[in-house]
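The values are calculated or read from the model by the stated rules, or taken from the named source; none is laboratory data. The model shown is predicted, which means the values in this text are computed figures rather than measured ones. Reconstructed Cβ throughout: ideal geometry from the backbone, glycine too, with neighbour counts over all protein chains shown. Surface accessibility is based on the protein's heavy atoms, side chains included, excluding ligands, DNA and RNA. Shrake-Rupley method; radii C 1.70, N 1.55, O 1.52, S 1.80 Å.
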Amino acid sequence: MNISTIGIIAAMPEEVNPLLKRIGIYQREKRESFELFRFGLDVKKIVLVQSGMGAKHATRATRFLIKTASPDIILNFGFAGAVTAGPRVGDLVLADQVFSYDGTRFRKEATPSAELVDRMHCLVRQQISAENNIYRSSFITTLEITGKSELAKALPENCPYPALEMESAAVASAAAETGIPFAAMRAISDAAEEELGFSLEEFTDSEMNIKMTKILVTVAKKPWIIPQLLRLARNSNAAGKSLAIGVEAFLRAM
């Protein structure tokens, strides 16, 4: 596979910033409502788009990335929640298959490139901390924060180490529209036993943008979630560090 330009997509600054910190030198632009970052690794060009949360933003961001950069491959990265026992906070999961879930039905989406996933698994395993594991996983893209215990009961067959997230199916589908090979890597930010005590709608507007005023109102109504929010912040910091190591290792070696 001849690769000169790699497109990468992540939803949130907390997922993007640890990677940019490791890269050090990059160009930043604001185009069509997206944050766009360009940098080089060896002879490869990397174009990173920060999409915002959710499938709608991810679809738009992927199409924008393709139009802007004409990448040879696309990597989606970010945080995920473990649905069943196994992956712990900071572990990396690689998508062997991607499902979307609308609350009642699972739909299998475009399959990640087996060649990319195999190479990513080999390359990243050599670089991540011995404290963290790497899993070949099934990604479950949902439209909202979903209860893990209920989701675990409804999983389709042959769904190893399911990872709950909100964008990968949309990125996979948009990449498949133009036949660009796709892969996805995520770091676990909440283990299977961590059930979130709030809904995404309580923190975001209708476009799934986080609003501080809504967070404050929700915390005032549900003060018992404060310890969980603090724990999730610590976990996200740990997940961001391992994710940045994994993504950088993949980009450098491709």
Report the normalised scattering of the chain as log10 I(q)/I(0) at q = 0.07, 0.08, 0.15, 0.17 Å⁻¹, calculated by the Debye formula with identical scatterers on the alpha carbons. -0.21, -0.28, -1.05, -1.38
State, to one decimal in nm, how far the label point of residue 70 lies from the label point of residue 5, with both points 7 Å from Cα in the Cβ direction. 0.6 nm
The chain, accessible area per residue, ligands and nucleic acids excluded (1.4 Å, Å²): 46 Å²
Relative to the longest principal axis of the chain, what angle (0 to 90°, nearest 10) does the C-alpha long axis of helix 212-221 take? 30 degrees
How tilted is helix 55-69 with respect to the longest principal axis of the chain? Cα atoms for both, answer in degrees (0 to 90, nearest 10). 10 degrees
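Would you mind telling me the share, in percent, of accessible area of region 28-132 contributed by carbon and sulfur at probe 1.4 angstrom?
Carbon and sulfur atoms account for 47 percent of the accessible area of region 28-132.
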Run the Debye formula on the Cα coordinates of region 6-135, all scatterers equal and no solvent, and tell me log10 I(q)/I(0) at q = 0.11, 0.13 1/Å. -0.44, -0.62
